[in-house]
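Working notes for the structure below.
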Amino acid sequence: NAGVTQTPKFRILKIGQSMTLQCTQDMNHNYMYWYRQDPGMGLKLIYYSVGAGITDKGEVPNGYNVSRSTTEDFPLRLELAAPSQTSVYFCASSRGISPSYEQYFGPGTRLTVT
Amino acid sequence: GEDVEQSLFLSVREGDSSVINCTYTDSSSTYLYWYKQEPGAGLQLLTYIFSNMDMKQDQRLTVLLNKKDKHLSLRIADTQTGDSAIYFCADLSGGYQKVTFGTGTKLQVIP
């Protein structure tokens, strides 16, 4: 199993540009999450999904959109990039909602908006 | 809102014990976690403890929870250079999606 994969690894965007961060998991997990990690800060939940076709906002959803058309894929869309979105983005997945079901994280996408 | 705080940096010599501390504010936390993040990688769950436990031991790792003081610690015995990483504590409250992460403690192990 590849686990959770994310593309791209790095990206530089100009203000106002759009892009999609890709996330795929091959563990047949129902639950998927997008976090952002700012320097010296913990992770903040952007969006999450409990299954195909179902998504919901996390703590910091503004400026982002998600979709979940399949169990495997959970892309994150930035429509009008702003410098405040410069961050490292992590996708994660888990088998269930019990706290003992750990979240598996992808390697991250480092995004810079200038 | 909930807050989870950690010191930013810890340096220890190889073979010594490391103790990483964390404080949290949410009294309704049900589970508390320790994650490890190696350079260029995502977070990896190390261990977790249920809020009605005081201690959990797993090989070289010992987690201590003082619920009264809302204080969580992670002790790594016989610290190795491979333990160099950033360690995040996190707490779960109010449902599965409400996991609040701390700021992370960077552990540097000196050979």
To the nearest Å², the heavy-atom accessible area per residue of chain A with 1.4 Å probe amounts to 48
Hey, got a sec? Which chymotrypsin sites (Phe, Trp or Tyr not before Pro) in the stretch A:48-114 land in a DSSP loop and have at most 16 other Cβ atoms within 10 Å?
A:Tyr101
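Using a Förster distance of 35 Å, how high is the FRET efficiency between A:Asn65 and B:Leu8, based on the Cβ-Cβ distance and rounded to 0.05?
Working from the Cβ atoms, E equals 0.60.
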Net charge, A:Gly108 excluded, C-beta distance under 15 Å - Lys, Arg +1, Asp, Glu -1
+4
Within the stretch A:17-40, backbone nitrogen closer than 13 Å to the virtual label 7 Å beyond the Cα of A:Tyr101 toward Cβ:
A:27-33
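Which whole-number value in Å³ per residue fits the convex hull of the alpha carbons of the stretch A:9-81?
On the way: hull volume 7.3 nm³, N = 73.
With only Cα atoms used, the stretch A:9-81 gives 100 Å³ per residue.
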Looking at the protein assembly as shown, send over the antiparallel percent of its DSSP beta bridges, to the nearest 5.
90
Cross-link pairs beyond the 30 Å C-alpha cut-off, checked among B:Lys56/B:Lys106; A:Lys9/B:Lys70; A:Lys9/B:Lys67; A:Lys9/B:Lys56
A:Lys9/B:Lys70; A:Lys9/B:Lys67; A:Lys9/B:Lys56
First measure r as the distance between the Cβ atoms of A:Val50 and A:Lys14, then evaluate 1/(1 + (r/R0)^6) with R0 = 41 Å and state the FRET efficiency to the nearest 0.05.
0.75
Can you give me the pair-distance distribution of chain B, C-alpha pairs, 5 Å bins, whole percents?
2, 13, 24, 25, 19, 10, 5, 1, 0
Check: C-alpha center the stretch B:58-77 vs C-alpha center the stretch B:12-53, spacing in Å is 8
Assuming a viscosity of 1.002 mPa s and a temperature of 20 °C, what translational diffusion coefficient in µm² per second does Stokes-Einstein assign to the stretch B:25-67, Rh being the Kirkwood radius over Cα pairs?
185
A:Glu79 paired with B:Asp16, simple spin-label distance in nm, labels 7 Å along Cα-to-beta-carbon:
5.2
Which is the longest run of chain A containing none of the trypsin sites (Lys or Arg not before Pro) found in DSSP loop states (not H, G, I, E, B) with at most 16 other C-beta atoms within 10 Å?
A:15-94
In Å³ per residue, the alpha-carbon convex hull of the protein assembly as shown encloses 120
Residue-wise, which Karplus ³J(HN,Hα) couplings in Hz belong to the stretch A:8-20, taking 6.51 cos²θ - 1.76 cosθ + 1.60, θ = phi - 60°, and x for glycine or proline?
x, 7, 9, 7, 10, 10, 8, 3, x, 6, 10, 6, 10
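The values are calculated or read from the model by the stated rules, or taken from the named source; none is laboratory data. On a predicted model such as this, the values are computed, not experimentally measured, just so you know. Cβ: placed from backbone, ideal geometry, glycine included. Neighbour counts: every protein chain shown. These accessible areas exclude ligands, DNA and RNA; they are computed on the full protein's heavy atoms, side chains included. Shrake-Rupley method; radii C 1.70, N 1.55, O 1.52, S 1.80 Å.
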